[in-house]
Amino acid sequence: MIGGRSVLGVITARGGSKGLPGKNLLPFRGRPLIAWTIDAAKGSKRIDRLILSSDDPEIIAVAESLGCEAPFRRTSSLSGDGASSIDVMLDALDRIPGHGVVVLLQPTSPLRAAADIDGAIERMDRSGAPACVSVCEAPSHPWLCFARDARGRLDPFAEPPAGAGLRRQDLPAAWVLNGAVYAADAGWLRRERTFLRPGETAAWEMPVDRSADIDTLEDFRAAERLAGG
């Protein structure tokens, strides 16, 4: 509960994955990957109801064995590569009505803590923002990133202001989404169909060592190294 609003936590975990097949149930430091997200969500002081949205019977069975409710099975139309996270979240809100805030939690972020979930929800409420997403410091500053044109020549992605210093110690902070927590007012999410609206969405800053986002085997191994300290 936050600001008089009930909070619905939704763990999204479909069965198919091209980058890393079966990743949601792969053993991560001795437990299924999804277990880490379930534990963090169950440790949240702000989430009033936690559910799983999945199309996969095995994922559903494992989640239920770990204490996560799975009140429905996601339809095939919301389970393919083309299905958007927003459509999945709106489907969950339709099926489980009565919540003023919704939080998307992906199993591919196993190192987030319960405090990150609550921090994002509380940041949204205190700031008056309609949404809050978790971020970490960008590994490369956008002023130092370039694209190549058709001739192979470099063009900057983002032009620094005239006279701006490009030494790393002079660069302003830059942040990237880390995929760990997406929170929003349920009504706003229905209208806007996004968690991220520039100038409106607040940020919850997380350290790099809790910001693993697993999509490939290399990501998985890197996350294990981070978890191992």
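The values are calculated or read from the model by the stated rules, or taken from the named source; none is laboratory data. As the structure is a prediction and not an experimental result, all values here were calculated from the model. No Cβ is skipped: glycine too gets one built from the backbone with ideal geometry, and neighbour counts run over all protein chains shown. The accessibility values were calculated without ligands, DNA or RNA, using every heavy atom of the protein model including side chains. Shrake-Rupley method; radii C 1.70, N 1.55, O 1.52, S 1.80 Å.
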Taking region 138-178 as the region of interest, what is the percent of Cα-Cα pairs per 10 angstrom bin, listed from the shortest bin to the one with the maximum distance?
27, 48, 23, 2
What shape does region 72-158 take by its C-alpha gyration tensor, where a ≥ b ≥ c are the square roots of the eigenvalues and a/c under 1.5 counts as rounded, a/b above b/c as prolate, and the rest as oblate?
oblate
First check a/c for region 62-113, with a ≥ b ≥ c the square roots of the eigenvalues of its C-alpha gyration tensor; if it is under 1.5, answer rounded, and if not, answer prolate when a/b is larger than b/c or oblate otherwise.
rounded
Cross-link reach list, aspartates and glutamates versus Lys42, counting only Cα pairs under 15 Å and skipping chain neighbours closer than eight places:
Glu64, Glu69, Asp116, Asp118
In Å, the Kirkwood hydrodynamic radius of region 22-103 over pairs of distinct alpha carbons?
13.6 Å
What residues from region 170-188 fall in the zone where the backbone N is under 19 Å from a label point 7 Å along the Cα-to-C-beta line of Leu154?
170-172
Roughly to the nearest percent, how much of the accessible area of region 6-80 is carbon and sulfur, given a 1.4 Å probe?
49 percent
Per-residue HN-Hα couplings for region 74-83, Karplus 6.51 cos²θ - 1.76 cosθ + 1.60 at θ = phi - 60°, whole Hz, x for Gly and Pro?
5, 6, 4, 5, 10, 10, x, 4, x, 6
If you take the square roots of the eigenvalues of the alpha-carbon gyration tensor of region 160-223 and sort them as a ≥ b ≥ c, do you get rounded (a/c under 1.5), prolate (a/b over b/c) or oblate?
oblate
Using each residue's phi in region 213-228, evaluate 6.51 cos²θ - 1.76 cosθ + 1.60 at θ = phi - 60° and report the 3J(HN,Hα) Karplus result to the nearest Hz, with x for Gly and Pro.
10, 8, 10, 10, 4, 4, 4, 4, 5, 5, 5, 4, 5, 4, 5, x
Largest to smallest accessible area among Glu122, Glu137 [probe 1.4 Å]
Glu137, Glu122
Using a Gaussian network model of the chain with C-alpha springs under 10 Å, which one of Cys68, Cys132, Cys145 is most mobile by mean-square fluctuation?
Cys145
Under the rule of -39500 (n - 2.57) per DSSP H run of 4 or more residues, summed and divided by the residues of the chain, what mean residue ellipticity at 222 nm is obtained, to the nearest 500 deg cm²/dmol?
-8000 deg cm²/dmol
Kirkwood-based shape ratio for the chain, expressed as Rg/Rh from alpha carbons:
1.00
Cβ crowding within 10 Å averaged over residues, with 82-95, 165-178 ranked highest first
82-95, 165-178
Once the piece of chain linking Ser84 and Ser127 is laid out straight, how much longer is it, given 0.36 nm per residue of separation minus the C-alpha distance between them?
12.7 nm
